[in-house]
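The values are calculated or read from the model by the stated rules, or taken from the named source; none is laboratory data. Because the structure is predicted, anything quoted here is derived from the model rather than measured. Here the Cβ positions follow ideal geometry from the backbone for every residue, glycine too, while neighbour counts run over all protein chains shown. To get the accessible areas, we keep the full protein, side chains included, count just its heavy atoms, and leave off ligands, DNA and RNA. Shrake-Rupley method; radii C 1.70, N 1.55, O 1.52, S 1.80 Å.
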Amino acid sequence: MTNNKLLRILEPEVMDSWEEAVEYDAMDFVEVNTAFAQTASELCRLDTAKVLDAGTGTARIPIILSQIHPHWQIWGIDLAENMLKLGFQNVKAAGLQDRIILEIVDARRLPYPDDYFDLVISNSLVHHLPNPLPFLQELKRVLQPKGAICIRDLIRPSDAATIDLLVEGIGTEYSDRQKDLFRDSLHAAFTIDEVEQLVTQAEIPGVRIYQSSDRHWTVERSWRH
């Protein structure tokens, strides 16, 4: 069991003001998004694939994946309309409208058939959910039994001092508002122990759960032949 003394503080489930969407999209996530997309690519080495990106935000990760895999079809879903408006702009600017579909969908109630996707990915959605279990159960339902998984999110630190260090460490190029958003996200995040419990409850087999950076956990599963 975790010895984490810092209680989870929920942040708004949907970031849906235009100002927040623009602020979020302006943050420099190119390096971490590219690393995430490369990890997902390694987990699913298929020439053609149907991919679901849950909590796609402004669609930066689907764009990177489409550039790596020209024959993948990617569905990016989110509940934040303004995030998706920016996402549509980003997808159009990249000329990828035929390969990336963006939809307003609740990740806990997916409209897709059972066993539909070859790969399900999600970056930084889980900490927005009061209870991520329904999302994980839906993920299992819509994913092929041998399908691949790549989920990444923040780890909730054990104390406020560690949060302060992480926030101050992101760099002077970030505005006070962007730092506040990061701080709120760290408070709302889960510990690895909590993530392990959720994955066990969802009965998702064959996954690896590990700390992938000083501030992230990852749940992953390779495509199984």
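Just one of (1) within 21 Å of Pro205 (Cβ to Cβ); (2) open to solvent by 10 Å² or more (accessible area, probe 1.4 Å); (3) outside any strand (DSSP E or B) fails for Pro111. It is (1). In the stretch 43-60, the qualifying residues are those that are free of Cβ contacts under 8 Å to residues at least 40 places away in the same chain and open to solvent by 10 Å² or more (accessible area, probe 1.4 Å), and the one that is nearest to the chain's Cα centre (by Cα) is Arg60.
Within the stretch 23-34, the set of residues being part of a helix (DSSP H, G or I) and surrounded by 14 or more Cβ atoms within 10 Å (Cβ to Cβ) comprises Glu23, Tyr24, Asp25, Val32, Asn33, Thr34.
Inspection of the stretch 83-103 identifies at least one residue that is charged (D, E, K, R), in contact (Cβ under 8 Å) with a residue 60 or more places away in the chain and outside any strand (DSSP E or B). The residues in the stretch 114-141 that are touching a Phe, Trp or Tyr at 6+ places or on another chain (Cβ under 9 Å) and either among the β-branched types (Val, Ile, Thr) or part of a strand (DSSP E or B) (or both) can be counted, and the count is 7.
Find the residue count for the stretch 169-221, including only residues that are among the polar types (S, T, N, Q), open to solvent by 50 Å² or more (accessible area, probe 1.4 Å) and out of contact with any strand residue (DSSP E or B) (no Cβ under 6 Å at 6 or more places or on another chain). Within the stretch 169-221, residues that are among the polar types (S, T, N, Q), open to solvent by 50 Å² or more (accessible area, probe 1.4 Å) and out of contact with any strand residue (DSSP E or B) (no Cβ under 6 Å at 6 or more places or on another chain) number 4.
In the stretch 191-208, of all residues being without any contact (Cβ under 8 Å) to a residue 24 or more places away in the chain and in a helix (DSSP H, G or I), the one that is farthest from His128 (Cα to Cα) corresponds to Thr200.
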